[in-house]
1. Could you tell me which of rounded, prolate or oblate describes segment 2-54, using a ≥ b ≥ c as the square roots of the eigenvalues of the alpha-carbon gyration tensor, with rounded for a/c under 1.5 and, failing that, prolate when a/b is larger than b/c and oblate otherwise?
2. Which value in nm describes the separation of the simple spin-label points at residue 33 and residue 57, placed 7 Å from the Cα toward the beta carbon?
3. May I ask you to compute the full-extension gain from residue 50 to residue 88, defined as 0.36 nm times their residue separation minus their alpha-carbon distance, rounded to one decimal in nm?
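Read-outs: derived from the displayed coordinates by stated rules, not from any lab. Remember, it's a predicted structure, so these values are computed and weren't measured experimentally. Virtual Cβ from ideal backbone geometry, glycine too; neighbours counted across all protein chains shown.
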Amino acid sequence: MHDTILENRKKIDVADLRGYAESMGLNLGEFDKLMADEKKMDELLKADMAEARKCKVRGTPTVLINGLKLANRSLESYKKRIDAILKAGSKKTKPGRVGGPTRPRTGSDR
């Protein structure tokens, strides 16, 4: 659904979202129930907002690869970041986790 929303950024009121859900064959009863539950919606949004603050996301779209923000969203930048992660993967720093920095990088590969 997120692709549809991003493609239709100006059409995101509840009726529009319900139409997208219907076109995707989603359970409209569950959709309506969730959309009517303000407390649940607030909980979901609060969790997303907390994660965005944690990752220092200030707008959309924001791309994170392995926890690092990618400011330059060119194909070459994606390739460079992924190749670095794969290379670091052979040098794991913690069990179950690919090695490499966990802080945002500076420069053009951010």
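1. It is oblate, given that a/c is not under 1.5 and a/b is not larger than b/c.
2. The answer from the label model is 2.7 nm.
3. Numbers: separation 38, 0.36 × 38 = 13.68 nm, distance 2.87 nm.
Value of the extension gain: 10.8 nm.
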